[in-house]
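Here is the structure we will look at, set down as structure tokens.
What follows draws every value from the coordinates through simple rules; no lab data is involved. Everything numeric in this text was worked out from a predicted model, so none of it was measured. FYI the Cβ positions are ideal-geometry reconstructions off the backbone, even for glycines, and counts take in every protein chain you see.
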Amino acid sequence: MSVLGPVAAYLIGAIPIGYLVARLRGGIDIRGAGSGNIGATNVLRTLGALPAAATLIADILKGFAAVSLARFVDPAPSTVAVAAVCAIAGNCWSVFLAFRGGKGVATGLGAFLALAWVAALPAILVWALVVASFRYVSLGSIMACVWLPLGVALLGYPRVFVAAAVVSVAIIIFRHRDNLSRLLKGDERRLGERAASV
């Protein structure tokens, strides 16, 4: 297995899109606004729909690009699978932000659209249904993540892809541990609730 692809995937995943969008759009450090997260949901609550959409799309694209580049460097399934995990880890613990970052959902979606798109597409549907029903982005993200390794396994992808999905889901759920706590307490903010002014 080549290490070049996974290292490149980590660095691409580590590009702090939400941080950069907030700097360009509002001149603020998104880490000090709202929840402090650099992901699209906090950008939405802090700066509005357009910057959030830009953050979401760019985070998805960087996950897709990271895995695609790794596959170009070395098409071995193990290399590509590790690259998907590395892209998500880069988003969550960015070297460019002193190992702070996002929660890995959008980047993970992009990574798995490149790795196992047939399994990733139903996960989008799960996310959309949960968010539309309950208006909790975090709950939708967690439920979509739970589907992903199941889908990868049931659809016959290589076992190393299933392992990558399991590790990726573990990372993303770990990054959502505060959201899980707030959901259990009934304190989680719903989609559309804005953060305090910055």
Scanning region 129-171 residue by residue, the ones that are buried (at least 16 other Cβ atoms within 10 Å of the Cβ) and not in a helix (DSSP H, G or I) total 2
Taking region 153-169 and keeping residues touching a residue at least 40 places away in the same chain (Cβ under 8 Å) and more than 12 Å from Val85 (Cβ to Cβ) leaves Tyr157, Pro158
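Here's a check for you: in region 12-31, which residue that is surrounded by fewer than 22 Cβ atoms within 10 Å (Cβ to Cβ) and of a type in the set (A, V, I, L, M, F, W, C) is farthest from Ile57 (Cα to Cα)?
First, pick out the residues of region 12-31 that are surrounded by fewer than 22 Cβ atoms within 10 Å (Cβ to Cβ): 15, 20, 23-29, 31.
If we keep only those that are of a type in the set (A, V, I, L, M, F, W, C) as well, we get 15, 20, 24, 28.
Details: Ile15: 13, Leu20: 14, Leu24: 16, Ile28: 20 Å.
Top of the filtered list is Ile28.
When you look at Arg100, is it closer than 15 Å to Ile15 by Cβ and touching a residue at least 40 places away in the same chain (Cβ under 8 Å), yes or no?
Working: closer than 15 Å to Ile15 by Cβ: yes; touching a residue at least 40 places away in the same chain (Cβ under 8 Å): yes.
Answer is yes for this residue.
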Gly186 meets each of (1) on the phi > 0 side of the Ramachandran plot; (2) buried (at least 17 other Cβ atoms within 10 Å of the Cβ) with one exception, condition (2)
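Given the structure, is Val73 under 23 Å from Pro149 (Cβ atoms) and either crowded, with 19+ Cβ neighbours inside 10 Å or in contact (Cβ under 8 Å) with a residue 60 or more places away in the chain (or both)? Talk me through it step by step, then tell me what you get.
Working: under 23 Å from Pro149 (Cβ atoms): no; either crowded, with 19+ Cβ neighbours inside 10 Å or in contact (Cβ under 8 Å) with a residue 60 or more places away in the chain (or both): yes.
Here the answer is no, as Val73 does not meet what is asked.
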Taking first residues from region 125-137 that are touching a residue at least 60 places away in the same chain (Cβ under 8 Å) and within 16 Å of Arg189 (Cβ to Cβ) and second residues anywhere that are outside any helix (DSSP H, G or I) and hydrophobic (A, V, I, L, M, F, W, C), the pairs with Cβ under 7 Å that are 6 or more apart or on different chains are Val131/Leu191; Val137/Leu191
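Answer yes or no: is there a residue in region 96-109 that is more than 18 Å from Asn37 (Cβ to Cβ) and either in a helix (DSSP H, G or I) or of a type in the set (Phe, Trp, Tyr) (or both). Full working, then the answer.
From region 96-109, those more than 18 Å from Asn37 (Cβ to Cβ) are none; that's our starting set.
The answer is no, given that none of the residues of region 96-109 is more than 18 Å from Asn37 (Cβ to Cβ) and either in a helix (DSSP H, G or I) or of a type in the set (Phe, Trp, Tyr) (or both).
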